[in-house]
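Worksheet for the structure shown next.
The values are calculated or read from the model by the stated rules, or taken from the named source; none is laboratory data. For clarity, every value in this text was computed on a predicted model and none was experimentally measured. Cβ sites come from the backbone with ideal geometry, for glycine too, and all protein chains shown count toward neighbours.
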Amino acid sequence: MNARGALAILRNELSRFFRTAFGSILSPVLTTSLYLVVFGAAIGSRMDPSQFGGSSYGAFIVPGLLMLTLLSESTSNSSFGIYMPRFTGAIYELLSAPVGVAETLLGFVGAAVLKSLIISGIIMVTALLFVDYTIAHPILAFGYIILVASAFSLFGFILGIWADGFEKLQIVPLLILTPLTFLGGTFYSVKVLAEPWQTITQFNPIFYLINGLRWTFTGYSDVPIGLAFGMTVGFIALCITVIAVIFRTGWRLRG
């Protein structure tokens, strides 16, 4: 394990993040705050808490909004981090350096995870200004946020290798992840839906992630919590396998 190599990549990625910290942090925090004002404060007072496991509507949507930001930021930060060396040609220096797959992942993906954790922490503090919420299982919540951030940072790493233009970097987060998150129960419980929408929603993988995080916050979930955690771990294993194959074959990295 080349710890110095992994640390160098990590430090470089974090320095880029802090150079643009104002824009990187302000945008997701402001967007989440607007959702909390409109849905949590304005509409939430008219909602029946019995529909949301006894929690207020504002507290119910906090995990969903946090997941919305977490998925978007983890994917975007990681994909952009690996895409830029490919775009500038610096990837060849990385490939020729004594740095393996593990060190590369620790550097790029680790930095993306840390960025997502910083933004998530700021959002949770900001949410307290608009919504009165508590975290039922704080240790599990922290662990699950790390799991989800790791899973989608790995996914973003694959996306950054696959993309051959800046437009493709935005396709998956904007046209796939964001709609799936909105349709995965961010603002509602699946139990309020009529059939066949209840069944259709259960084919949305983001639905299980949102419910996993919601359970750690409120103790309420529409699905078994073990299933949500299992799907997240399985997705991490799948992404690591794909990345290992990419580095072994040199797909999109060489030539």
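Couple of notes before you dig in:
- Number of positions in the range 118-132 that are in a helix (DSSP H, G or I) and either of a type in the set (Ser, Thr, Tyr) or surrounded by 16 or more Cβ atoms within 10 Å (Cβ to Cβ) (or both): 8
- Within the range 64-117, the set of residues being hydroxyl-bearing (Ser, Thr, Tyr), surrounded by fewer than 24 Cβ atoms within 10 Å (Cβ to Cβ) and under 26 Å from residue 179 (Cα atoms) comprises 69, 72, 83.
- In the range 1-102, counting only helices (runs of 4 or more DSSP H) that sit wholly within it, the ones holding 2 or more residues that are among the hydroxyl-bearing types (Ser, Thr, Tyr) span 21-35, 57-88, 91-96.
- Any hit, the range 128-140, residues being under 23 Å from residue 78 (Cβ atoms), of a type outside the set (Lys, Arg) and within 19 Å of the chain's Cα centre (by Cα): no
- Test for residue 197: is it more than 17 Å from residue 71 (Cβ to Cβ), touching a residue at least 40 places away in the same chain (Cβ under 8 Å) and surrounded by fewer than 20 Cβ atoms within 10 Å (Cβ to Cβ): no
- For residue 169: the one exception among (1) modelled with pLDDT under 90; (2) loosely packed, with under 15 Cβ neighbours inside 10 Å: (2)
- The residue list 145, 135 contains one member that is hydrophobic (A, V, I, L, M, F, W, C) and in a helix (DSSP H, G or I), which is 145.
- Taking the numbered list (1) without any contact (Cβ under 8 Å) to a residue 60 or more places away in the chain; (2) surrounded by 13 or more Cβ atoms within 10 Å (Cβ to Cβ); (3) more than 18 Å from the chain's Cα centre (by Cα); (4) closer than 17 Å to residue 140 by Cβ in turn, residue 226 passes all entries but (2).
- The residue that is surrounded by the most Cβ atoms within 10 Å (Cβ to Cβ), among those in the range 229-249 that are free of Cβ contacts under 8 Å to residues at least 12 places away in the same chain and within 20 Å of residue 163 (Cα to Cα), is 238.
- No other residue among 163, 237 is in contact with a helix residue (DSSP H, G or I) (Cβ under 6 Å, 6 or more places away or on another chain) and on the phi < 0 side of the Ramachandran plot apart from 163.
- Residues that are buried (at least 17 other Cβ atoms within 10 Å of the Cβ), modelled with pLDDT of 90 or more and not polar (S, T, N, Q), drawn from the range 206-221: 206, 207, 208, 209, 210, 212, 213, 214, 215, 217
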